[in-house]
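Engineer: Before anything else, here's the structure in question.
All of the numbers you see were taken from the coordinates with simple rules; none came from a lab. None of these values were measured; they are calculated from a predicted model. With ideal geometry, Cβ positions are generated from the backbone for all residues, glycine too; neighbour counts draw on all protein chains shown.
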Amino acid sequence: MSIRVEQGQATRQQLVAVATDLFARHGYEGTSIEAVLAASELSRGALYHHFASKEALFEAVLERVEQTIAERIVAAASAGPDPVSRLRAGCLAWLRIAEDPTAQQIALIDAPSVVGWQKWREIDGRYAFGLLKSALAAVAAEGRIPAEQVELLAHMLLAALLELALVIARADKPRAALETGEVAVEDLLRKLLGA
């Protein structure tokens, strides 16, 4: 790889890292391009070489945050001995991620309005929602749920998890809300899967 390509990748990674921090702390609306430039100590030309707009920069940040969320979910779920326990562990990991201010602000609060619902769903489909569908498909392969219901159940479970994550994120006592939410998810999955 040429030095120029490496420098370009390093610049892009620096911009995404700086923007992630600023978007997480101040939200999309509270973060200006000028703030990103000042914090990154890069020129406007360098930023616009990599990103056509603030929204494009946010989309790159969202991709990275979603990738990190997915990695954390996979790490939590991979130790499960069977598809149901892996699904349960992944769902509980997602709730715990809701305590992370970066995930809250970027993936839950700003993403739908900044990139739009369709793009947000598309990005999430490559990461957390994609994992959820795969986990439910594995459960269906064991005969625990009908295969033809995987897609709809994935949407229903995602909606429940997203709403619960927002409740946890906005709670006066997030840790207590998380603990209550974990019990609720356990109950929901037990009733849904008979396990």
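Engineer: Find, among the GluC sites (Glu not before Pro) in the stretch 90-173, those assigned to loop by DSSP (not H, G, I, E, B) with at most 13 other beta-carbon atoms within 10 angstrom.
Structural biologist: On the way: sites: E99, E122, E142, E148, E151, E163; in loops: E99, E142.
Hits after loop and neighbour filter: E142.
Engineer: Now, a different point. Can you tell me how much longer the chain between Q118 and A137 gets when fully stretched, taken as 0.36 nm per residue apart minus their C-alpha distance, in nm with one decimal?
Structural biologist: 4.5 nm
Engineer: Within a Cβ distance under 12 Å of R72, other residues only, what is the Lys/Arg minus Asp/Glu net charge?
Structural biologist: -3
Engineer: Across the chain, what fraction of all alpha-carbon pairs, as a whole percent, falls in each successive 5 Å bin from zero upward?
Structural biologist: 1, 7, 15, 18, 16, 14, 10, 8, 6, 3, 1, 0
Engineer: Select from G116, P146, L164 the residue farthest towards the positive end of the dipole of the chain; place +1 on Cβ of Lys and Arg, -1 on Cβ of Asp and Glu, and compute about the Cα centre.
Structural biologist: P146
Engineer: Please report the net charge: other residues with Cβ closer than 11 Å to the Cβ of G181, K and R +1, D and E -1.
Structural biologist: Spelling it out: positives minus negatives among the neighbours equals -4.
Engineer: How high is the FRET efficiency between E55 and Q14 when r is their beta carbon distance and R₀ equals 25 Å, given to the nearest 0.05?
Structural biologist: Details: r = 19 Å, r/R0 = 0.76.
The value I calculate is 0.85.
Engineer: Next up: Pairing the Cα long axis of helix 54-77 with the longest principal axis of the chain, what angle in degrees results, from 0 to 90 and rounded to the nearest 10?
Structural biologist: The angle comes out at about 40 degrees.
Engineer: Still on this structure: How big is the charge dipole of the chain about its Cα centre, in debye rounded to the nearest 20, if each Lys and Arg gets +1 on its Cβ and each Asp and Glu gets -1 on its Cβ? Write down the numbers at each step before the final one.
Structural biologist: Details: 20 positive and 25 negative charges, 32 e Å.
Here the chain has a charge dipole of around 160 debye.
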